[in-house]
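First up is the structure itself, then whatever we jot down about it.
The values are calculated or read from the model by the stated rules, or taken from the named source; none is laboratory data. What you see is a predicted model; the values in this text were computed from it and never measured. Virtual Cβ from ideal backbone geometry, glycine too; neighbours counted across all protein chains shown.
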There are 2 protein chains.
Amino acid sequence: MAVGPGTLPRLFPVKGVKTGIASAGVKKPGKKDLVVFELASGSHVAGIFTRNRFCAAPVHIARRHLSTGEPRYLLINTGNANAGTGERGMADAMACCNALAEKAGVSPETVLPFSTGVIGEPLPADRIIEALPELLAGTDEDRWAEAAAGIMTTDTRPKGSSRQVRLGEHIVTISGISKGAGMIRPNMATMLGFIATDASLDPALLSQWSAELGEHSFNRITIDGDTSTNDACMLMATGQYGGPEITADSPEAAELKTALQEVYLELAHAIVRDGEGATKFVTIEVSEAASVQEALDVAYTVAHSPLVKTALFASDPNWGRILAAVGRAGVEGLDLQALEIHLGDVCLVRDGGRADDYSEARGKAVMSREEITIHINLRRGQVFERVWTCDFSHDYVTINAEYRT
Amino acid sequence: MAVGPGTLPRLFPVKGVKTGIASAGVKKPGKKDLVVFELASGSHVAGIFTRNRFCAAPVHIARRHLSTGEPRYLLINTGNANAGTGERGMADAMACCNALAEKAGVSPETVLPFSTGVIGEPLPADRIIEALPELLAGTDEDRWAEAAAGIMTTDTRPKGSSRQVRLGEHIVTISGISKGAGMIRPNMATMLGFIATDASLDPALLSQWSAELGEHSFNRITIDGDTSTNDACMLMATGQYGGPEITADSPEAAELKTALQEVYLELAHAIVRDGEGATKFVTIEVSEAASVQEALDVAYTVAHSPLVKTALFASDPNWGRILAAVGRAGVEGLDLQALEIHLGDVCLVRDGGRADDYSEARGKAVMSREEITIHINLRRGQVFERVWTCDFSHDYVTINAEYRT
């Protein structure tokens, strides 16, 4: 199941970015499981990675290569996460980087590896290396849609977003793809996002935006609270749009950042909409918090509560569950009397209990929608935060209890 | 569903403790929904309560009365939690205490109220007060089994435990009952435990044991991570066993504490075994941790992971999910190379990856059992902790997605 229309929008080519797609036989024979991004010389790349302590071998290597060189290739395989694979996993990931570097005539530090799929199985590096000639021969600027499909594992639909904005006399293009649905097939667990623009961006600003935009999009979504070992989100800028370099002081910076933000949010939301067994797309807002930490503690406690999530699935305006989740979020000195909770435009909780004007029928009307906002006003500060999640359905259990194939 | 045999053991009478059971019509007419414990003069009581910030009105009052007087009555209603009910909830709970105190000829501060059931509905205090004469008239020392049934809400079976131990020339009796299964019917969410002994116990020791035994039993179980607004666990000592007062220095203290500990653990485990939709009883052990906090962070992250819980339901030895959960538990500097994870007697993870001698067949054999132990050795300190949980099944979703009646 998935929430909302699943049509992939037109993904505009980005000057200086070519993509290639191939079948290496990591997944079932004939399935696309290998994608490459080829960046023009002079491109800059920044990224954020999983915070899981046991991050996968490709995450270690991508992070290291990102810090030492100017990336020219991003190599992504699906079907195998190369996580929990010890020393051999590191060697396998490096073998793929080395082979691609040799064929492309670049140094291995300019290749960033990404893997997604089963945890704990050895990566079939030989099969990936064998498929590299086909992969590199077919790169093209207009294969974004195929790349979006090529990085899918258990996603039910490809995810992409694209924008074009005029900066002065020049058009800047932004395109991005993402994947991740939780773990539809057991042991599959990776969120990946790749966003590219042909804007010329000051590398410091690129890094700053990558962290900031990722923090408020990909780092604000949750399906089941299970952080994967392989999450990565990369922002690439080729500098080929024709205009001057954009720095923090450029007048165009704000507009470009807004367009990038839209792409980040669309890609992150697409993952929630395609969440395992999802039937609802849920926004959880916390306002007037005293700190970002407490706002997020409250938002995630509600977002991860199995009782809240099953009530969402049932379209049941079970506000006691939301209240109980807020109460156990660990916020010191939280005042129940001051707290307000809204479900859409219906007030659930006010003055220490159920709002006087609340009725079950009004609550039910909001809960029956496919897109729902829960707003929690803590009335003790000025911080606002927002996370996105989905409900918890029978299909979630079915999907995750199925035996591995 | 529930795990293991559900037979209620013989619950021995405890000298100085009488229980009464009645139907007040809080639940459906005719259903037992009111229980009272009547303690002999000179009894001592200690207890622990929910840490939810929005604790229910009866929790506020029970805590206050416990600190000011020597309790003589514990009044428990099911069917309504009197939580999220604001000022009116406080007045309703006090009205019940006052009425009982007047009828029994004691002061209201000696009455401790407990409620469990729907959150946010006004407590029908009048109906409870009307049933008090019947309740008090029927108290008896040998009605523990009826009391165990009387405090049930959506539990599928009554829960009790009892021990008799010889201390010198005297027999000490301990009996206890508990309730809680998660939220089998939406908005029901309370864990309650009542343990009584006729031992004569130094009040300071009673408090210390109540905190310590509760911490390592009721505070180490989790069904779905959703802390209720009404949890309470009370330890009562009537001092009528005939022997001398037991203090921390008494030679009998250790033996009595062990017997109490067994009762606490049995009652806490009974709640997990009757967890919503539970098909497995799971012990999660963390050893060689650097601190209690990190041991519990790891244990609860694994215990709450929907992916681990659905794998347990499916009897799928999906060790990558356990590894990923440990990795996201937020423990600084955790070393994957040092970590060992065992499933029963089968080693899953060693030397940074899947153990060499692991086979799917061996893992599957353990996972197919009804009682499973996951042991995680962090190899960085000397702390050992243990929590108990159950799996996550289709029935959990069904139970919690059902509309409220």
Top-ranked residue of the stretch A:15-29 - restricted to ones that are closer than 20 Å to A:Glu121 by Cα and out of contact with any helix residue (DSSP H, G or I) (no Cβ under 8 Å at 6 or more places or on another chain), ranked as surrounded by the most Cβ atoms within 10 Å (Cβ to Cβ)
A:Lys27
Sort out which residues of the stretch A:18-50 are among the aliphatic types (A, V, I, L, M) and at pLDDT 95 or above, and write them in order of number.
A:Ile21, A:Ala22, A:Ala24, A:Leu34, A:Val35, A:Val36
Please specify each residue of the stretch B:65-101 satisfying the condition of being free of Cβ contacts under 8 Å to residues at least 24 places away in the same chain, more than 14 Å from every other protein chain (Cβ to nearest Cβ) and out of contact with any helix residue (DSSP H, G or I) (no Cβ under 8 Å at 6 or more places or on another chain).
B:Ser67
When the stretch A:296-305 is examined, which residues are found to be in contact (Cβ under 8 Å) with a residue 40 or more places away in the chain and surrounded by fewer than 24 Cβ atoms within 10 Å (Cβ to Cβ)?
A:Leu296, A:Tyr300, A:His304
Looking for something assigned by TED's automatic domain parsing to the domain that holds A:Arg321, in contact with a helix residue (DSSP H, G or I) (Cβ under 6 Å, 6 or more places away or on another chain) and on the phi < 0 side of the Ramachandran plot - is there at least one such residue anywhere in the stretch A:354-363?
no
The stretch B:210-241 - residue that is assigned to a helix (DSSP H, G or I) and among the acidic types (Asp, Glu) and, of those, nearest to the other protein chains (Cβ to nearest Cβ)
B:Glu215
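I'd like the full set of residues that are basic (Lys, Arg) and away from every other protein chain (no Cβ under 13 Å), limited to the stretch A:354-405.
As a first pass, look at the stretch A:354-405 and keep what is basic (Lys, Arg): A:354, A:362, A:364, A:369, A:379-380, A:386, A:404.
Scanning the stretch A:354-405 gives A:Arg362, A:Arg369, A:Arg379, A:Arg386.
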Could you grab me the full set of residues in the stretch A:238-275 that are surrounded by 23 or more Cβ atoms within 10 Å (Cβ to Cβ) and farther than 28 Å from A:Leu8 by Cα?
A:Ile246
Which condition from (1) more than 24 Å from the chain's Cα centre (by Cα); (2) assigned to a helix (DSSP H, G or I) is the one that A:Arg64 breaks?
(1)
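Would the stretch A:242-250 turn up any residue that is away from chain B (no Cβ under 14 Å), more than 20 Å from the chain's Cα centre (by Cα) and without any contact (Cβ under 8 Å) to a residue 12 or more places away in the chain?
Quick first cut of the stretch A:242-250, residues away from chain B (no Cβ under 14 Å) only: A:242-250.
If we keep only those that are more than 20 Å from the chain's Cα centre (by Cα) too, we end up with A:242-250.
Imposing the further condition that a residue be without any contact (Cβ under 8 Å) to a residue 12 or more places away in the chain reduces the set to A:249-250.
Yes, there is a match, as at least one residue in the stretch A:242-250 is away from chain B (no Cβ under 14 Å), more than 20 Å from the chain's Cα centre (by Cα) and without any contact (Cβ under 8 Å) to a residue 12 or more places away in the chain.
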Flag for A:Ile21 being outside any loop (DSSP other than H, G, I, E, B), assigned by TED's automatic domain parsing to the domain that holds A:Leu235 and more than 17 Å from A:Met234 (Cα to Cα)
yes
Using the structure shown, decide if B:Asp316 is of a type in the set (Asp, Glu), out of contact with any Gly (no Cβ under 8 Å at 6 or more places or on another chain) and surrounded by 20 or more Cβ atoms within 10 Å (Cβ to Cβ).
yes
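Does B:Val308 count as modelled with pLDDT under 95, assigned by TED's automatic domain parsing to the domain that holds B:Thr389, within 25 Å of B:Phe218 (Cβ to Cβ) and buried (at least 18 other Cβ atoms within 10 Å of the Cβ)?
Details: modelled with pLDDT under 95: yes; assigned by TED's automatic domain parsing to the domain that holds B:Thr389: yes; within 25 Å of B:Phe218 (Cβ to Cβ): yes; buried (at least 18 other Cβ atoms within 10 Å of the Cβ): yes.
Here the answer is yes, as B:Val308 does meet what is asked.
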Among (1) assigned to a loop (DSSP other than H, G, I, E, B); (2) within 14 Å of chain B (Cβ to nearest Cβ), the one test that A:Lys27 misses
(2)
Here is a check on your reading of the model: is B:Arg51 surrounded by fewer than 23 Cβ atoms within 10 Å (Cβ to Cβ), out of contact with any helix residue (DSSP H, G or I) (no Cβ under 6 Å at 6 or more places or on another chain), in contact (Cβ under 8 Å) with a residue 60 or more places away in the chain and of a type in the set (D, E, K, R)?
yes
Flagged pairs (Cβ under 7 angstrom, 6 or more apart or on separate chains; first in the stretch B:365-389, within 17 Å of B:Ser305 (Cβ to Cβ) and in contact (Cβ under 8 Å) with a residue 60 or more places away in the chain; second surrounded by fewer than 16 Cβ atoms within 10 Å (Cβ to Cβ) and of a type in the set (Phe, Trp, Tyr)) are none
Residue check, B:Asp231 buried (at least 18 other Cβ atoms within 10 Å of the Cβ), over 23 Å from B:Thr19 (Cβ atoms), modelled with pLDDT under 90 and touching a Phe, Trp or Tyr at 6+ places or on another chain (Cβ under 8 Å)
no
Would you confirm whether any residue within the stretch A:272-292 is in the same structural domain as A:Val387 (by TED's automatic domain parsing), free of Cβ contacts under 8 Å to residues at least 24 places away in the same chain and over 29 Å from A:Ser359 (Cα atoms)?
no
